[in-house]
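A.B. asks: The structure that follows is given in the form of structure tokens.
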Amino acid sequence: MSIKVYVSRDATAQALGSRRVADAITAEANRLGESIKLVRTSSRGMFWLEPLIEIDGPDGRIGFGPVKPGEVASLFEAGFLSGGQHAKSLGLVEQLPSLKKQERLTFARAGITDPVDLDDYLAQDGYRGLENALKMSAEDIVKTVTDSGLRGRGGAAFPTGIKWKTVAAAEAEQKYVACNADEGDSGTFSDRMVMEGDPYVLIEGMTIAGIATGATRGYIYLRCEYPHAHRALNAAIATAYQRGYLGEKIRGSKYRFDLEVRLGAGAYICGEETSMLDSLEGKRGQVRYKPPLPALKGLFGKPTVINNVVTLASVPIILDKGATFYKDYGIGRSRGTLPIQLAGNIKYGGLVEKAFGVTLRELLYDYGGGTRSGRPIRAVQVGGPLGAYIPESQFDLPLDYEAFIEKRGMVGHGGIVVFDDTVDMAAQARYAMEFCGIESCGKCTPCRIGSVRGVEVIDRLLAGDQPGKQEALLRDLCQTMLDGSLCALGGMAPFPEMSALNHFHEDFRPRTAETATR
Ligand SMILES: Cc1cc2nc3c(=O)[nH]c(=O)nc-3n(C[C@H](O)[C@H](O)[C@H](O)COP(=O)(O)O)c2cc1C
Ligand code: SF4
């Protein structure tokens with residue numbers, strides 16, 4: 001019997017050389033006449049160990065990593081297929097401290113299955129949520145999602161069940177489910193990992209959303225920078241159609257659900273839900289006024305469920321194990337788990353799925369291992385480019401939507417970007433404002449004009465041109481953007497500015513014009 005050898009095909013793993021390692025394994029096995037079956041899996045999310053090779057052992061999968069293509073021959077020499085030790089031996093992967101402590105619900109199959117193999121998905125509890133949903137009334141599905149406490153993982157943290165209830169109650173011949181897979185936040189990759197690594201869980205979540213709300217057609221709005229995810233989704237969708245999990249009479253039921261992927265050209269604002277709808281309709285992505293809510297008048301003017309990838313991918317386990325199971329994780333009004341993405345200057349970067357309540361300090365040190373540079377962490381930006389810069393004094397903050405809002409920050413999509421003590425926070429603040437100017441859709445004045453003026457004010461401040469006056473002006477401008485912007489791009493751009501000014505004021509001292517405009 002062939003021995004199974006698992007190597008990730010995740011984009012990050014590939015960027016780190018996993019394909020070359022896989023090729024080297026095949027070549028060496030052929031040369032030695034070893035019978036192996038190479039399985040290209042998703043990634044565990046422990047990127048510092050990629051390329052990671054796993055083989056089946058008596059007590060679970062045994063890991064070797066990070067492996068270079070040139071080390072593959074020595075693994076065979078050491079007899080790694082039959083329990084031989086090697087300098088890159090890691091032991092049982094599930095027992096690695098950083099994985100063992102995690103609570104993987106949404107990412108339960110990460111690194112384990114072949115992403116596009118439907119039988120592998122079914123063997124690992126896949127489609128159990130849908131099977132349950134098909135036996136329930138639409139109202140009960142919505143109630144289960146509501147009772148689970150699931151809130152949108154795309155950034156706004158709106159209760160998913162309430163959104164679904166609004167769409168379900170709307171009268172219309174056609175309703176839609178639109179999955180927001182634009183994933184534009186800095187340092188984030190959990191949507192990408194779901195779509196590349198476990199596409200059926202998203203398809204299952206969207207199908208359940210359709211059944212619960214009466215929507216018969218779904219779109220995944222995917223950023224074009226994710227070609228691996230695009231391929232995986234299309235392959236999985238085609239198989240789901242062939243096997244009766246999409247299309248007419250899903251699994252022999254009365255329900256129909258059609259699904260396709262639409263590519264976005266890659267504009268940050270197209271992740272904002274109403275811009276996304278415009279873009280999906282083939283228009284330039286621009287923010288729409290609300291009301292009407294997209295739940296009542298969304299895609300092509302019809303009631304539309306808009307949810308983030310991780311939100312929808314969290315639904316199957318809720319329908320499989322029940323609302324209480326999911327709700328038992330977390331704290332306060334932040335229920336369940338969050339796939340946190342550690343990025344920037346961090347030693348052990350990657351994906352950590354934990355129940356809400358875990359502190360930043362635990363994430364940064366226990367999981368992240370501190371900075372990659374070995375220098376002290378000075379600041380982290382949580383929640384993407386519009387998130388606040390958080391100083392060391394607040395690292396005991398638990399991951400909780402309300403706790404972050406209280407500190408004028410946001411959990412957002414769970415991305416954490418780490419900076420060491422060499423960071424220039426004034427330069428970061430300038431960058432955040434410049435980003436807002438570049439990505440502004442231009443519909444409202446505070447954001448379109450304010451962001452450009454904001455950069456100019458910061459430049460004058462740093463150039464020493466009446467710095468006190470410029471700082472007052474900057475604070476005033478931030479307040480105007482906060483109060484007067486139509487959407488959260490302009491409305492939250494002040495968060496990084498104000499947090500940098502408040503917590504890292506010493507960095508705003510005047511410097512030469514040359515460094516000021518870096
Ligand atoms: C500027 C801006 C960018 C956004 N980008 C994304 C994104 O890339 N992905 C996403 O899911 N939500 C994004 N959102 C949030 C969406 O508007 C919306 O709240 C979300 O898709 C709803 O899904 P959820 O309830 O499942 O989170 C963005 C919001 C703003 C204001
Ligand atoms: S805040 Fe910016 S991105 Fe949002 S609507 Fe106004 S101009 Fe457009």
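A.B. asks: Of the residues Val358, Val352, only one is out of contact with any Gly (no Cβ under 8 Å at 6 or more places or on another chain) and open to solvent by less than 20 Å² (accessible area, probe 1.4 Å); which?
C.D. replies: Going through Val358, Val352 in turn, just one is out of contact with any Gly (no Cβ under 8 Å at 6 or more places or on another chain) and open to solvent by less than 20 Å² (accessible area, probe 1.4 Å): Val358.
A.B. asks: Would you point out the residue of region 291-325, among those that are of a type in the set (A, V, I, L, M, F, W, C) and open to solvent by 20 Å² or more (accessible area, probe 1.4 Å), that is nearest to ligand 2 (Cβ to nearest atom)?
C.D. replies: Here the answer is Leu293.
A.B. asks: Taking Ala432 as the residue in question, decide whether it is within 21 Å of His503 (Cβ to Cβ), more than 15 Å from ligand 2 (Cβ to nearest atom) and part of a helix (DSSP H, G or I).
C.D. replies: When the stated conditions are applied, Ala432 does not pass them.
A.B. asks: A further question follows. Which of the residues spanning region 258-283 are under 21 Å from Leu202 (Cβ atoms), open to solvent by 40 Å² or more (accessible area, probe 1.4 Å) and either more than 8 Å from ligand 1 (Cβ to nearest atom) or in contact with a Ser or Thr (Cβ under 8 Å, 6 or more places away or on another chain) (or both)?
C.D. replies: Correct list: Glu260, Arg262, Leu263.
A.B. asks: Moving on to the next point. Taking only pairs six or more apart or across chains, which ones have beta-carbon atoms under 6 Å, a first residue in region 172-186 that is within 16 Å of ligand 2 (Cβ to nearest atom), and a second residue that is part of a loop (DSSP other than H, G, I, E, B)?
C.D. replies: If the second residue must be part of a loop (DSSP other than H, G, I, E, B), the pairs left are Asn180/Gly154; Asp185/Gly384; Asp185/His413.
A.B. asks: A further question on this structure: Residue under question is Lys321, and the condition is that it be touching a residue at least 40 places away in the same chain (Cβ under 8 Å) and of a type outside the set (S, T, N, Q); does it hold?
C.D. replies: No, not satisfied.
A.B. asks: Would you please name the residue that is surrounded by the most Cβ atoms within 10 Å (Cβ to Cβ), looking only at residues in region 406-429 that are part of a loop (DSSP other than H, G, I, E, B) and within 15 Å of ligand 1 (Cβ to nearest atom)?
C.D. replies: His413
A.B. asks: Of (1) more than 16 Å from ligand 1 (Cβ to nearest atom); (2) in a loop (DSSP other than H, G, I, E, B), Gly468 satisfies all except one. Which?
C.D. replies: All conditions are met except number (2).
A.B. asks: Would you check which residues across region 28-39 are in contact (Cβ under 8 Å) with a residue 40 or more places away in the chain and either open to solvent by 50 Å² or more (accessible area, probe 1.4 Å) or aromatic (Phe, Trp, Tyr) (or both) and list them?
C.D. replies: Those that are in contact (Cβ under 8 Å) with a residue 40 or more places away in the chain and either open to solvent by 50 Å² or more (accessible area, probe 1.4 Å) or aromatic (Phe, Trp, Tyr) (or both): Leu32, Glu34.
A.B. asks: Now for a different question. So which pairs qualify, if the first residue must be in region 214-239 and free of Cβ contacts under 8 Å to residues at least 24 places away in the same chain, the second must be open to solvent by 10 Å² or more (accessible area, probe 1.4 Å), the Cβ gap must be under 8 Å, and the two must be at least 6 apart or on different chains?
C.D. replies: Close Cβ pairs satisfying both conditions: none exist.
A.B. asks: Determine, yes or no, whether Pro51 is within 29 Å of Gly187 (Cα to Cα) and open to solvent by 30 Å² or more (accessible area, probe 1.4 Å).
C.D. replies: no
The values are calculated or read from the model by the stated rules, or taken from the named source; none is laboratory data. The structure presented is a predicted model; accordingly, all values stated were derived computationally and were not measured. We place every Cβ from the backbone using ideal geometry, glycine too, and count neighbours over all the protein chains shown. Quick note on the areas: whole protein, heavy atoms, side chains included, nothing else; ligands and nucleic acids left out. Shrake-Rupley method; radii C 1.70, N 1.55, O 1.52, S 1.80 Å.
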